[in-house]
Structures are given as C-alpha cells and as structure tokens.
Amino acid sequence: MTTNGAGATAFSHDEDGKQSLAETTPRTRVVHTTCSLDCPDSCGVLATIDLGTNRVVRIAGDPAHPVTRGFLCGKVTRYLDRVYSPDRLLYPMRRRAGVAKGSLKPGEEHLAFERISWDEALDTIAARLQQISDTHGPESILPYSYAGTIGQLGYGSMDRRFFHRLGASQLDRTICASAGTAAFNSVYGVRVGPEPQSFAHAKLILAWGANLHGNSIHLWPFVEQARRNGARLVVIDPYQTKTARLADQHIAIRPGTDTALAMGMMHVILRDGLEDRDYIRDCTHGFGALRDRVMTADYAPEQVAITTGIDAEVIVALARAYATTKPAVIRVNYGIQRTDNGGTAARAVGMLPLMTGAWKHHGGGVMLSTSNAFGFNSAKLQMPELMRASPLGRDARTLNMSQLGEALTQVDDPAVHALFVYNSNPAAVAPNQSAVLRGMRRDDLFTVVHDCFFTDTADHADIVLPSPSFLEQDDVQGAYGHYFAQLSLRAMEPMGESRSNVRLFGQLAQRMGFPEPCFRETEEDLLAQALDTQHPWHQGITLEALKQQPMIALTLPRNDRGEFLPFADATWFRTPSGRGEFYSASLQQQGLDPLPAYAPTPERNDATQPLRMLARKADHWMNSTFANIPQHRNMEQARIGLGTLEIHPDDAAERNIAQDDTVAVANDRGSLNLTASLTHRVPRGTVAATLGWNKLAADGNGVNVLTSERLTDLGGGATFYATNVEVRLHTTATTPTSSDPVEAALA
Ligand SMILES: Nc1nc2c(c(=O)[nH]1)N[C@H]1C(S)=C(S)[C@@H](COP(=O)(O)OP(=O)(O)OC[C@H]3O[C@@H](n4cnc5c(=O)[nH]c(N)nc54)[C@H](O)[C@@H]3O)O[C@H]1N2
Ligand SMILES: Nc1nc2c(c(=O)[nH]1)N[C@H]1C(S)=C(S)[C@@H](COP(=O)(O)OP(=O)(O)OC[C@H]3O[C@@H](n4cnc5c(=O)[nH]c(N)nc54)[C@H](O)[C@@H]3O)O[C@H]1N2
Ligand code: SF4
Ligand SMILES: [Mo]
C-alpha cells in the first residue's frame, strides 16, 4: 500500500491541475472535496475557484457521487457565507489582562481579547501546559474535541499523538453515538447495515427516531424511489418533522419508550407466529430467553399502548406489517438513544430484523451507522503507544465528555487545570450547561480554544486560535451513511492565519520539545498512513487511486446478483456466540441485564416539571455550527422561529400561554426564556426547543441549561432528550419565594 505516494506536488495546487483538478473554463478550476460536517451523508463536493481572484466562487454537489448524487443540503449550499463570513477568527488572540472569564455579547469579543502572533501563542501554550503538567501531573490536562470535522486527519491524528505523548487525560467521546454503538456491538458484534441505495428496493421503511429530511437528506431520494414502487414510509418520532409530515404514517411515540414499542412488536410477531424460525435457528442466540421476556404482560399491546401513548391497534398493525412485508428496512438513528434507557432501545430495535429474517432480502435490514465498515489506519494516525513515553509512562485516565461539568467542577486527583478545546463547542453543546460554564469560568483553569469563530466556548478561553474550514484543508474521509471513501482536496489557502489541527498540534509538540519524528510529519504523510491498511474492504483505496477518482466504494462482499446482504447468514456475526444475540452473556458479565427491558427515565417527573422537553437540533444548522450565520438563522426563523418553545395548544391553554408569549422554561438544573409557539408538531405533554449559540439567545442561555449529565444505560452516552421541565408565562424578575429550585426559577 501507499506509504510515500503523497508527493508534495499533488497537494500543492500547482497549475498543471493534477488528476482530480478538472479544468472547466480557463479562468476557473474545480476541485473535488468532501463535506466534513458531522452528517451521515459525507457529500462529494465540487468547489469552483476563480483563478483571477483565487476565491472559491461556487460549491455544488458532485454529480458523480452514487449516493449524494449532485446536490447539497440547504446548510452547505450556503457554506461560502460561513467560509467568507466577516466574523471568521483570523489570527491568534489572548485574553486581555484583568478581563474575567464569562460569556460575551456578539461583537464584544475584541474588547476582551487582543491579537498575538502564532509564535507567542504557541510559546505561551507550551509553557503553561508544561508548568501545569509539572505541578499537577499531565492528567490535569483535558483535551476536548468532537466532530467539527469528521475527516480522518482533522478528527483524530496529530492531536491524539500530542495528547498521548503529553500524558493528558483521555476523552471518552460519548456525546453522540456511544449508546447505539454499544447496543449494536452487543447484538451483532460489528456495525454494518444495508447500503443506502438498497432502500430503493424496500417495500416498508421505518424511520425510527430518524429525521431524514432535516439531518440526512441523501437517503430521501432512495425512499421516494421505493415509494413510487409501492413502499410505505412509517415515521416513529414524538415530533412531527417534515419527514413525518411527508410519510404514509406518523407514529408520535411518547419520548423514551421505544424499548417498549420494539418489544411489543416482538410480542405480536411471536403471538401471531410471524417470526422466521429458520433464520432464528441458524443465525441467532438466546431466542428462548427473549421469548419468555417479551411474552409477559408488560409487552402485550394493551400495556405497551399505555407506556408509549400509541393505540394498541396501531402497535399490532405495525408489528404485522413489519413481519409480513418484504423487504422491510429500518433506518434507526440517534433520536432513540438520548435517554437513560437509550442503549437498550437501540438493542431492542436492532433485534427486530433478527426475528423476521429481514436481513435476507435486498432492501431489508436495519441501518444505524456504516462507519464500522471503514478500516482507516487510526492506530498509525493516533499512536496511543506514545502514552508510554509521557511522564506518566502508562495509559492516562479517561474522562467522559458527556460529563464535562462534573470534570471541571468535581473531579480531583488530579483536578482539571487545563482544557484544550478543538472541533467542538462544549459551552453550547454539552449537557448541564450551568456546571460546564461554572467550570469554564474558573480563574485557575487554563483554556485554549481552536475554532473558526468566536463561539460560546471561545468566550471562556485564555488563548484563542483560528482554524480553517473544510475547503481549506486536505483530508480523507469515510462516512456513517454510505460506503464510499473520499479524498478532500484543499480548494483555497487557509483564511487569515488559520492553521489546521494537524499543523497546530505538530508545531505545539515541537515547542514542547517532543523528540519523536512523528510530530514532524505533514498532512501528506498522514494521508498515506490513514490509507495504509490491510482491511479487506479497502482494496484499491490508495492515495494514487483517490487522486484519479476521488470517490471509491469499499470492496464489500456481494452475492452473484451484486447485492450486499450483511447478516443474511451466520457467517457475519462477530459476537461471542457467533450469532445475532437476543441474549448477551457479555452484558451479563458487566452486571447488566442480558435481555432488553423497558425502564422509565429517572428524571424528576412530578407536578413541578411535568412536561417532557426535546432539546432538538436545528434543520438548518449543524449542532451549533451555522447558528451564527445570518443566512442560516433566517432559514430557521422561517421554519419555526428563533428562540422558540414549541408547545401543544392544550398544554399552553392550561398555563394561560398564548402564541408569541415569552415563557420561562425551567427544571431543577436551570431556566431559560423562550417565545411560545403553539403547535401540533409536538404531542400533548411534550415541548421542544432548539440547540444553538447561547450568546445569540435573548437571555444568553442555551437549551442545555436544562439537560442533565446522567448517562445512558450502555456506552456512557448523553441523555439530551430525557429532560423534564415546567413552563410558565414569563414575568419580570421578582424575588424567589420558594426553596424549590424549579418553583424559584419560575416565580
Ligand atoms: N440539519 C442538521 N443535520 C444534522 C445535525 C444537525 O444538528 N442539524 N446533526 C448531525 C448529527 S451530530 C447527528 S448525530 C445526526 C443525528 O440525526 P438523527 O438521528 O436524525 O438525530 P436527532 O435529530 O437527534 O433525532 C432524530 C429524531 O428523533 C426524535 N426523537 C427524540 N426523542 C425520541 C424518542 O424517544 N423516540 C423516538 N422514536 N424518536 C425520538 C427527534 O424528535 C428527532 O426528530 O444528524 C446530523 N445531521
Ligand atoms: N441539547 C442538545 N445538545 C446536543 C445535541 C442535541 O441534539 N441536543 N446533539 C449532540 C450531538 S449528536 C453532537 S454530535 C454534539 C456536537 O457537538 P460538537 O461536535 O461540539 O458540534 P458543533 O456545535 O458543530 O461544534 C463544532 C465546532 O468545531 C469547529 N470546527 C470545524 N472545523 C474545525 C477544524 O477543522 N478544526 C477545529 N479546531 N475546529 C473546527 C466549528 O467551527 C464548531 O464550532 O452536540 C451534542 N449536543
Ligand atoms: S451537511 Fe450532510 S447533507 Fe449537507 S452537504 Fe454536508 S454531508 Fe451533505
Ligand atoms: Mo451527533
């Protein structure tokens, strides 16, 4: 495989316009890159560069991409507004002497920070990290990153090497997908699913906690194709998304009760004898134990109706349709995981095709994520063995990113004294925001933030560093919604003085005096290493090949009709039993229930906070990314309004709340003010609000002041959707009279 093929010329954008730099007109050229936002679709993108001005003047979907097929979502269609935004961070900055840490108003950042050179920034950071490591031990340094870019290099390469060598605490990256990952690993041992293209062949499609239209639009054309051929689309989501409005049926399940629904469906399937006995015999493990569990009264349709708020007849009809329609496919996404019982919910939903043998049909199965199919060489990129060379001489402790508030305010031995944030905006996206911000405001915490913008997190930094967007860096990328590897070629020079994650951490390592040659490696070296793999599905995916053809399909095993049918037979499973596991002995060994069982969330659920709140994602932002871009704000404004609390008219009437009233939304963790929107998009008892930038909210608070640091049952994930609140008409502040924090917040 390629080790040194990434010669400088191929990436230096010289005028000979190497393989993938196709000429269009003499005045422009077109570069293939990949959208590296945290989205399943990983679109192929063509960027057009005006050679006169050296600016990217147009971006569009690459029509040659077999899945993303030439169109981009609304967010990235307007990506140039972000890239060339006047608010881009263009050079390193330092907190001015004497300025206390805290949230800033937009535009005030330059009063609190002053420009410095990269040399000064790197010297300051290296000196402070060294001093903190010497005084408190290296584990008192915490890196915090997630998926600002999902490119192999940008997501995790030189940065990981740096923190491994430093001996810094390791970060358990649980904020998004870890519950579902643990769940599918327990049932299947490996996480692959049907190709997105195969959805076109389905006759029944369940979008289960999956907002296809808002979050992963490129599955939609395949769903539409299937529907033209007679397929039905059923959406299971408490919230009436656009996907739900366009579906054949919308089942507005009570949040957090998906385990009960999936087990209720199994109950009906077994009661009515609709299971695939041959498949169960040949391919699964623990069926008898599961049958005993699901055939109890707890999972009879009448009881499941009470738990889920779905009529018993609807549950029975769904179960029968699912078991008898072939092919039947489930797109399960992250919506069902973000609750205390979320790992189990993903397990239970994941078991449905084991019961009906849906995997045997092209166009059947269940798709969670396709990322596990990729075999990029992350060990080479990240070099965990460098921890041995750190002052610790051993593996460092691990802190859970979904409990950042706790890490910054409660963890000791050692306490966290330095926080280094990149690829993430935890001041807005992490749960239990009040604790997170209390921690970030500590004077004795040294904080560095590397980002493209002055985010809520950057407001709390000692040093802020500018990072490039995906148009400004080279990378290579897989996907979590399809099976193509793609090269991303830099379409433009980095804006201002911004430096990529790879450059930043390589240079910082040298300032720290780390002698290992790996810290001198370039992006070109790392691209070759990422692709240096013996993985059987990566055949032919070399740097040379990607330069000829920037999108290459994984060499998935196919049958003689060319179909990819994972789990169609027993050879596929990578569990301890070598079968699809209804019953998991390894979960039992960890002291967990080996079988799925529904459990309600332990969130306080009394008269003081009776409403369930979904702290949802915006359709036109990417988590908190784009929340500051006027074009994207306008699109959200047109969708549901900015700073909106969606509430059912009956819940509003009970509280004397009218359309557009300012309301206080509170629970025992915090409170925020929003504008009421009375709507049937949410069912009775459920309200919804949107994740965004705190400092752009009317009262400076984000939705995560209300969410908790409780973790999911599997995988240690965040429980964003397991939040209860009360809502009252907002009255201007009075002295709180109650000792109850919720009452006090609402008084
Ligand atoms: N436009 C846009 N696209 C995005 C993102 C974004 O912020 N904006 N984020 C990206 C990221 S990081 C991710 S992880 C993916 C996530 O993509 P999805 O998995 O689709 O994620 P969510 O929007 O979190 O949840 C999906 C749906 O689940 C519903 N839901 C909430 N609670 C429950 C429940 O208890 N049961 C059921 N059945 N449904 C429930 C929500 O109302 C929501 O409509 O999207 C990616 N794409
Ligand atoms: N209430 C609530 N909270 C949530 C969620 C929810 O649905 N509801 N969703 C959760 C989920 S699923 C996720 S995945 C997390 C997402 O959390 P994050 O991964 O923190 O996502 P973003 O808010 O998009 O922040 C990414 C940041 O990385 C920056 N960035 C982009 N490219 C680069 C780069 O090359 N280098 C550097 N250094 N920075 C870069 C961007 O400018 C942006 O500020 O949020 C979680 N939080
Ligand atoms: S955010 Fe997703 S859908 Fe939009 S361009 Fe990027 S990969 Fe494609
Ligand atoms: Mo996510």
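Laboratory data are not the source of any read-out in this text; all were calculated from the coordinates shown. This one's a predicted model, so the numbers in the text were calculated from it and none came from an experiment. FYI the Cβ positions are ideal-geometry reconstructions off the backbone, even for glycines, and counts take in every protein chain you see.
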*Separation of alpha-carbon centers, the range 410-475 and the range 530-571, rounded to whole Å*: 37
*Taking the Cα centre of the chain as origin, work out the dipole magnitude from +1 charges on Lys and Arg Cβ and -1 charges on Asp and Glu Cβ, in debye rounded to 20.*
1020
_Among DSSP bridges having both ends in the range 611-746, what percentage is antiparallel? Round to the nearest 5._
65
*Average Cα contact separation per residue, the range 60-205, under 8 Å, 6 or more apart, as relative contact order %*: 14
*Taking the alpha carbon gyration tensor of the range 536-693, what are the square roots of 5 times its eigenvalues, largest first, to the nearest whole Å?*
44, 28, 14
*Can you give me the relative contact order of the chain as a percent, contacts being Cα pairs under 8 Å and 6 or more apart?*
20
*Would you mind estimating how fast the range 611-746 diffuses translationally, via Stokes-Einstein at 25 °C and 0.890 mPa s with the Kirkwood radius over Cα pairs, in µm²/s?*
160
*asked:* Along the charge dipole of the range 611-746, pointing to its positive end and built from +1/-1 on Cβ of Lys, Arg, Asp and Glu, which listed residue (MET635, THR707, ILE657) has its Cα farthest out?
replied: MET635
*Please work out the Cα center distance from the range 40-99 to the range 650-698, rounded to the nearest Å.*
33
_Top positive-direction residue, dipole computed over the range 611-746 with Cβ charges, set HIS730, GLY717, ALA698_ = GLY717
*asked:* With an 8 Å Cα cut-off and a minimum separation of 6 or more residues, compute the relative contact order for the range 125-199 in percent.
replied: 25
*What is the sum of charges around ILE629, taking Lys and Arg as +1, Asp and Glu as -1, for the other residues whose C-beta is under 13 Å from the C-beta of ILE629?*
+2
_Just to confirm a number: summing +1 for Lys and Arg and -1 for Asp and Glu over residues other than PRO196 whose beta-carbon lies under 14 angstrom from that of PRO196, what do you get?_
-2
_Largest-first principal axis extents, alpha carbons of the chain, Å_ = 73, 71, 54
*Taking the DSSP beta bridges in the chain as the whole, what percent of them are antiparallel, to the nearest 5?*
50
*Roughly speaking, what is the stretch gain from ARG94 to SER117, that is 0.36 nm per residue apart minus the C-alpha to C-alpha distance, in nm to one decimal?*
7.3 nm
